[in-house]
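The values are calculated or read from the model by the stated rules, or taken from the named source; none is laboratory data. From a predicted model like this one, the values you see are computed outputs, not experimental measurements. Here the Cβ is made from the backbone with ideal geometry for all residues, glycine too, and neighbour counts use every protein chain on show. Only protein heavy atoms, including side chains, enter the accessible area calculation; ligands, DNA and RNA are left aside. Shrake-Rupley method; radii C 1.70, N 1.55, O 1.52, S 1.80 Å.
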Amino acid sequence: MAFDRRTFLGTSAATGAAVALAGAAAGPAAAAESGSRPPRTYAFTVMGTTDLHGNVFNWDYFTDKEFDDKAHNDVGLAKISTLVNRVRAEKGRCNTLLIDAGDTIQGTQLSYYYAKVDPITARRGPVHPMAQAMNAIGYDAAALGNHEFNYGIPVLRKFQEQCDFPLLGANALDAKSLRPAFPPYSMHRLRTPHGRDVKVAVLGLTNPGIAIWDKANVQGKMTFPGLEEQAAKYVPKLRSMGADVVIVSAHSGSSGTSSYGDQLPYIENAAGLVAEQVPGIDAILVGHAHTEIPEYRVKNKATGRDVVLSEPLKWGQRLTLFDFELTWAKGSWSVAKVSARVLNSNTVEEDPEIVRLLSDEHRKVVEYVNQVIGSSTQAMSSAEGPVKDVPIIDLINHVQAETVKGALAGTEWASLPVLSQASCFSRTAAIPAGKVTLRDAAGLYPFENTLEARVLTGAQLKDYLEYSARYFVQTAPDAVVDPAKLTNAESIPDYNYDAVYGLAYDIDIAQPKGSRITGLSFRGKAVDPQARFVLAVNNYRASGGGAFPHVPQAKQVWANSDEIRNTIISWVKAKGTIDPSQFASVDWRLTRGGVPVF
C-alpha cells in the first residue's frame with residue numbers, strides 16, 4: 001500500500017505556520033474485538049539522526065580527503081540516505097518515519113559557505129545543501145539545535161523556508177508574546193491494515209543554553225524555557241488530540257548536567273529528566289551530547305513505564321531505529337513494546353542520488369578551501385596540544401591578542417596587558433611548511449565562535465587556570481607517564497581545556513584538582529592578585545560555556561561579530577608569512593613536584 005503521508009504541524013503566530021494536511025480521511029474505527037479473534041497488531045519504525053553539523057558527504061574539508069577516524073567511522077547524509085532506503089525497503093515506506101534532533105546547518109565548510117560566502121539569504125540565493133539533502137531523503141520532522149542560531153535568525157528562517165519538513169521547537173518562544181516561534185510539534189498518520197490509522201506525534205525540544213551561547217543573535221527576540229516545563233505542557237495536549245504514540249526529538253543530552261553553570265535555571269542535558277518526569281512519552285531521540293547511546297531506558301515516575309531513549313552518533317555516523325509494536329484494544333491503539341538500536345553508516349556506500357544532487361556545491365567548496373592565502377616558515381601540528389604548549393595553539397592566541405590590542409588602542413583599556421585563551425579544538429589541525437591554504441588556517445578553529453575582551457584580576461585568572469587544569473588526570477610523581485592517559489578528555493572535551501597566552505605557569509598534575517597552578521607569573525614577575533588584565537576570549541567561554549569561573553560576569557570592553565576563524569584567515573592573508581619564531585614560546589608545562597613531565 002502506498003504511503004499516504006499526513007502531517008499536522010503545531011501552529012505558531014510568530015512563524016505563521018499553517019496546519020498542513022494531506023491525504024484521505026482516516027478509515028472508520030475497527031469493529032469491537034471478539035473474544036476468539038487474535039489481537040490486531042501493527043509495527044512501525046522511526047528512524048533518527050542528530051548533530052549532522054553540515055555533513056552531506058563522507059569528506060573532511062579541512063584535510064581535503066575522505067573522513068576517517070580511529071574507529072573508521074564514516075559521516076554524512078549521503079551514507080544515511082542509503083541506510084534509510086534499506087530500512088524503508090525492509091519495513092515498507094508506509095511503516096516508517098524519519099526525524100532529526102538538531103544541529104544541522106553549522107559545522108563544516110560546506111555549511112559555512114552557504115551561510116556566509118554564498119549565503120542562502122541573498123536575493124535569488126542558493127538552497128542550503130542540508131535542506132536539499134534532507135528533502136531528497138524525505139525527512140518528516142527535525143528539532144532545532146542550538147547551533148541552528150549561530151548564523152543569526154535570518155539564515156535560520158531561510159533554511160526553515162527551504163525545508164519540506166517542519167523545524168520543531170516547543171521551547172523556542174517569541175520573547176515578546178511568549179508564543180512558539182516555531183511549530184512545537186508535528187502529527188503524522190500511518191495507515192494500518194486494520195482500518196484505523198496510527199497517529200504519531202513528534203514533539204521538538206531545543207536547548208535552553210541558546211540564550212547564553214547565541215545571546216547576540218537571540219536576546220530580546222527569543223527565549224528558551226526548560227525542556228521538562230514545555231514537555232509537561234504539550235504531551236497531554238498531544239494525547240488529547242488523539243496521538244497514539246508520542247515521540248520527543250530533543251536537542252539535549254541525557255546526563256542531567258549543564259556546561260554553563262547556574263546562569264540559567266534550566267538543565268542543558270535534560271532528556272533523561274523529561275523521560276522521568278513527564279508521563280505520556282514513549283520514546284526520545286536524544287541529541288546535543290555527541291555520544292552514542294543505542295538504547296537507554298528511563299522509568300517514568302508517574303506511570304512506572306519505561307521510556308526508550310536513543311542517541312545516534314554525530315555527523316551521520318549512526319542512524320537510530322525505534323521499533324514500535326502496537327496492539328488494538330477497546331477502540332484504540334496502545335504501545336505494547338518499544339526497542340531501539342543504531343546502524344553504522346560505515347557499512348554502506350553513499351547514495352549516488354545524493355552525490356549527484358550536490359556534486360556542484362561540494363566542488364565549489366573544495367575549490368574555496370584550497371585557495372592559497374600565505375606561507376609558513378615551518379610545519380606546525382596540534383597533535384600534542386592537549387598536553388604541551390605547542391606553536392599552533394600559540395598562533396591562535398597570538399592572533400586573538402593582537403586583534404584585541406588593536407581594537408583597544410586609544411581607549412581607557414589600552415594600558416592593560418592583553419592575554420588570550422585558546423584550546424586544542426582539533427588534534428588533527430596542522431599548518432604545513434610552505435604554502436598555506438584557507439582550509440589549513442580554518443582548520444585551527446572549526447567552531448563559529450567570535451571574539452570578546454573581558455577584564456579579570458590576577459586572582460580570577462588563577463581560579464580560571466585551576467578550573468581548566470581539572471582536565472588532567474592526577475598522576476603520582478613516580479608513575480609511568482602515558483600521554484594518552486593524562487587527560488580526562490572523555491568527560492571534559494579538549495575544547496574545555498584552556499591555555500592562557502601571555503602568562504607563565506606550571507600545572508602540577510601530582511596535586512589534587514584546585515591546587516595545581518604554580519609559579520604563575522607575568523613578564524617574569526609573580527602575578528599580583530589585584531592586578532587587572534584584559535582576556536581575549538571566545539563568546540562560548542564568555543557566555544558561560546564550560547562553566548569557567550568569573551568570565552561571564554567580567555566587564556566586557558570589546559566584542560566582534562566576525563568568526564575567530566575568519567580573523568585568523570585575514571591575519572594570515574595580511575602577514576603573508578607565518579613565522580613561529582615571532583610568537584611561539586613554552587609558557588606553560590605539566591610538572592610533578594616541580595619536575596617537568598616532558
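Observations
- Of all residues in the range 36-57, those satisfying the criterion of being surrounded by 24 or more Cβ atoms within 10 Å (Cβ to Cβ) and not aromatic (Phe, Trp, Tyr) are 46, 47, 48, 49, 50, 51, 52, 54, 55, 56.
Residue by residue, here is whether (1) under 24 Å from residue 127 (Cβ atoms); (2) part of a strand (DSSP E or B) holds:
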residue: 142; (1), (2): yes, yes
residue: 156; (1), (2): yes, no
residue: 159; (1), (2): yes, no
residue: 178; (1), (2): no, no
residue: 200; (1), (2): no, yes
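- The lone exception for residue 405 - which of (1) over 20 Å from residue 504 (Cβ atoms); (2) without any contact (Cβ under 8 Å) to a residue 40 or more places away in the chain; (3) of a type outside the set (A, V, I, L, M, F, W, C) it fails: (1)
- Residues in the range 400-413 that are β-branched (Val, Ile, Thr) and either assigned to a helix (DSSP H, G or I) or in contact with a helix residue (DSSP H, G or I) (Cβ under 6 Å, 6 or more places away or on another chain) (or both) were compared, and the one that is least open to solvent (accessible area, probe 1.4 Å) is 404.
- Any hit, the range 350-369, residues being surrounded by fewer than 16 Cβ atoms within 10 Å (Cβ to Cβ) and not in a helix (DSSP H, G or I): no
- All conditions but one from (1) modelled with pLDDT under 95; (2) buried (at least 24 other Cβ atoms within 10 Å of the Cβ) apply to residue 205; the one that does not is (1).
- Within the range 379-397, residues that are over 16 Å from residue 496 (Cβ atoms) and charged (D, E, K, R) sit with their Cβ atoms under 9 Å from residues that are open to solvent by less than 20 Å² (accessible area, probe 1.4 Å) and assigned to a loop (DSSP other than H, G, I, E, B), at 6+ positions apart or across chains, in these pairs: 384/390; 384/424; 394/583.
- Hits in the range 466-491 - residues which are farther than 13 Å from residue 589 by Cβ, aliphatic (A, V, I, L, M) and surrounded by 16 or more Cβ atoms within 10 Å (Cβ to Cβ): 489
- Which listed residue is open to solvent by less than 10 Å² (accessible area, probe 1.4 Å), modelled with pLDDT of 95 or more and not charged (D, E, K, R), from 156, 178, 173: 156
- Residues of the range 461-500 that turn out to be of a type in the set (A, V, I, L, M, F, W, C) and in a loop (DSSP other than H, G, I, E, B), as a count: 8
- Residue within the range 386-399 that is open to solvent by less than 50 Å² (accessible area, probe 1.4 Å), more than 30 Å from residue 486 (Cα to Cα) and either at pLDDT 95 or above or hydroxyl-bearing (Ser, Thr, Tyr) (or both) present: no
- Residues that are closer than 15 Å to residue 421 by Cβ, more than 28 Å from the chain's Cα centre (by Cα) and assigned to a loop (DSSP other than H, G, I, E, B), drawn from the range 501-553: 502, 503
- Considering residues of the range 509-540 that are surrounded by fewer than 16 Cβ atoms within 10 Å (Cβ to Cβ) and among the hydroxyl-bearing types (Ser, Thr, Tyr) only, the residue farthest from residue 387 (Cα to Cα): 521
- Top-ranked residue of the range 414-451 - restricted to ones that are more than 21 Å from the chain's Cα centre (by Cα) and polar (S, T, N, Q), ranked as surrounded by the fewest Cβ atoms within 10 Å (Cβ to Cβ): 415
- Yes/no for residue 336 being within 22 Å of residue 236 (Cα to Cα) and either surrounded by 15 or more Cβ atoms within 10 Å (Cβ to Cβ) or modelled with pLDDT of 95 or more (or both): yes
- Among the residues making up the range 208-240, those that are open to solvent by less than 60 Å² (accessible area, probe 1.4 Å) and part of a loop (DSSP other than H, G, I, E, B) are 208, 209, 214, 220, 224, 225, 226.
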